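For reference, the structure is listed below as structure tokens.
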Amino acid sequence: MRYSKLTFFWVILCFCCSYAFNNIYGQQHKDSITALKEIVISKNVFKELIPVQTLQGGELKRLNSYSVADALRFFSGVKIKDYGGLGGLKTIDVRNMGTHHVGVFYNGLAVSNAQNGVVDLGKFSLDNIEAVQLYNGQRSTIFQSAKEYASASTIYIQSKKPVFESGKDLNLSAKYKLGSIQMVNPSVRLEYKVNPFVSTSFSSEYVYSNGVYKFRQKRFNSNGTVAYDTIGHRKNSDITAYRVENNWFGLHDNNKWQANLYYYQSDRGLPSAIIKKSDITLATENSYERQRDKNVMLQGEWTNTSSEFYNLLVKGKFAYDYTQFLSRKTVDFEGEEVTYNPQFDNTFFQQNWYLSATNLFYITPIWQASFSADIDYAKLNATRLGQGTPFSFPTRYTYYLSVATSLDFGKVKAEANMLGTFTDEKVKYNYQAPNRSVFTPSIFVSYQPFQNEQLIVHAFYKHIFRLPTFNDLYYTQVGTANLKPEYAKQFNIGINYHTHFSSNYLRSLNFAVEGYYANITDKIIASPTSTMMRWMMTNLGKVESKGIETRVNSTFDIAKEVSVDVNVNYEYTIAKDLSVTPFGKTSYYGDQIPYAPWHSGSATASVNYKNWSLNYSFIYVGKRYNGNKNNIKKNEIQPWYTHDIALQKSFVWKDYRFKTSVELNNLANQYYEVVTNFPMPGRNILVILSFDL
């Protein structure tokens, strides 16, 4: 409790300093309106210290993507684990560091899940998204909350902000998607200008799919011969989901704020792995496992820039997550009824409260410093029908304190920060929860050798860790309370070049090369004991990852009113499992870790002519190995690639704007798996009709 009291004191002090500086400096410059406006404008001119990968506006609309997870596939260094269909879980891994090391932020605040630490990106539809950004390391600004320093990589999702034409106070748009796999997806968005300083938007969406699609599965023996090659239909992959959002935006003088209300509800099937035994396909046709979700997020942030010496950023959030897992799974195999899972009905209720204050100080024209203090409270309750073992009912207070500074010498820019993380945990049964205190530093540097050339050399080092989740620590059949946090170290160096041309054909060119090295110690791994119903969580693992990422973006004018945008990404990576047990090196020591390909890449091309747009996208993932770890032929997963194409047409009728789109995904009808035994859909079509008023 010593750290808790100390941290609470610093948080109170932080808010008091915020109030004091705001009043002192805010009042000092009320009579200097012209100078104040000039200062605000200069602050808006910002160059990224570390390059960011961004998809926004028209780029998002041109991609054959339904959810944020689909769009992120086109970023270099990103691996999406997709369990198939609209209802399948979709998680992200950046540079092979693991899903838990990727922070996901929606409208500036973290999307958290203390239960298992995994954010399902399939829940975020692109219909209400303005931009998606990926930062390796962290954002290139010290004016951010302390929690934003706590991840190895960060994803920022920004919902659409209302934009009104002159004389308009109301915008209305509707979209209807109809696709194969019995997919129906209508959505509507309403924007209203309350007054010159405040606007609001309302967005809602419905999604349905029966989840039935054809698949082909091919497996090999240890000697490389074909074990079987079968065709079937995926079942129990249906989904019915609703999403409702209400966002408010305010901007007046030196105050900017936004508030968001987000609600999501879904009922989906949980398809099991496809496993072939003899002449019968098991675990898919008769599987009956369901998951029901209800997620509520109420959050907001306020920024005050009334002083040229001091800025204040305050954020707050409440989230409530309801998840129910239901299983009645029995399979009839060779005339005998076998129960693979006991009947269960588990419901989990998670609450999360979060409050943050960030203070930015302009010490000199080239030197800035910030201090941030965050409080994060998470609580997990559960009802576990039919199971006699008690649940631990954990609660966790996490306090984040960060001190950061930045220097701008013109050609050389640098940032450094120190993050302190303190936890205070309590449980009801079985465990004595440990308290933890960890300090992790980071430093970022960029150099622009030629003032008139957009060539930038940059590098960073970051030391971070992740806490074990409630699942890791407190699940009765899994949890181990003595687990240590995972520690990760990242090193990165890169070159970024950007230029514009006066040529009649080539207009712009962006080129980037990134080299990185990362290792994780005390990696949390799961090992089976005498029974598969009970696992042991231990800190035995170590992973070492290194690789090269390249990105090329260019724009051409090939004829009058005809433009072409081309984007190409490629990554080569080596990710070794260096785990050592108390008995020595493992049999897979030095092997490539599961699901990490050596080669991967993507490409997109868009041809635009007047109101027509033809878009093509390609994704390639090379050879990799499944979760059995040993790099042998039997565990090998074949490379896969997809070709997607879309034709879009915009037109105006009276005062109404319409847009139609026809998308053909997986054009080559390739049967492939992102996760072993979870086949993905083959060729499928999607028709979209949009309407704007």
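The values are calculated or read from the model by the stated rules, or taken from the named source; none is laboratory data. All of these numbers come straight from a predicted model, not from anything done at the bench. We place every Cβ from the backbone using ideal geometry, glycine too, and count neighbours over all the protein chains shown. For accessibility, only protein heavy atoms count, side chains too; no ligands or nucleic acids. Shrake-Rupley method; radii C 1.70, N 1.55, O 1.52, S 1.80 Å.
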At most 11 other Cβ within 10 Å, DSSP loop - trypsin sites (Lys or Arg not before Pro), the range 653-693: K654
In Å², nearest 10: area of T676 left accessible to a 1.4 Å probe: 20
With a 1.4 Å probe and all protein chains in place, put H233, H500 in order of accessible area, largest first. H500, H233
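Quick check on my link table: of K147/K379; K90/K659; K315/K523; K123/K235; K175/K294, which ones sit more than 27 Å apart, alpha carbon to alpha carbon?
K90/K659; K315/K523
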Once the whole set of protein chains is in place, how much accessible area is left on V412, using a 1.4 Å probe, in Å² to the nearest 10? 60
Nearby lysines by direct alpha-carbon distance to K168 (threshold 18 angstrom, same-chain neighbours under 8 apart not counted): K160, K193, K654
Once a ≥ b ≥ c are taken as the square roots of the eigenvalues of the Cα gyration tensor of the range 536-666, is the result rounded (a/c under 1.5), prolate (a/b larger than b/c) or oblate (a/b not larger than b/c)? prolate
Along its three principal axes, how long is the range 646-693 when you only count alpha carbons? Whole Å, largest extent first please. 51, 18, 10
Mind ranking L121, L509 by accessible surface for me, highest first, 1.4 Å probe? L509, L121
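By per-residue mean of other Cβ atoms within 10 Å, what is the highest-first order of 514-521, 610-617, 626-633?
514-521, 610-617, 626-633
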If you count only protein heavy atoms and use a 1.4 Å probe, how large is the accessible surface of K649, to the nearest 10 Å²? 50
Estimated distance in nm for a label pair at W353 and V194, the labels positioned 7 Å out from Cα along Cα-to-Cβ: 2.5
How about the range 129-209: which trypsin sites (Lys or Arg not before Pro) there are in a DSSP loop, with at most 11 other Cβ atoms within 10 Å of their Cβ? K168
Over the range 139-261, what is the relative contact order in whole percent, taking alpha-carbon pairs under 8 Å and six or more residues apart? 19
Residue by residue through the range 144-160, what is 3J(HN,Hα) from phi via Karplus (6.51 cos²θ - 1.76 cosθ + 1.60, θ = phi - 60°)? Round to whole Hz and write x for glycine and proline. 8, 5, 5, 5, 5, 7, 8, 10, 5, 9, 9, 10, 10, 10, 10, 6, 5
What lysines could a cross-link reach from K411, if we take a straight Cα to Cα line under 17 Å and drop same-chain neighbours fewer than 8 places away? K47
Would you work out the relative contact order for the range 582-693, in percent, from Cα pairs under 8 angstrom that are 6 or more residues apart? 20
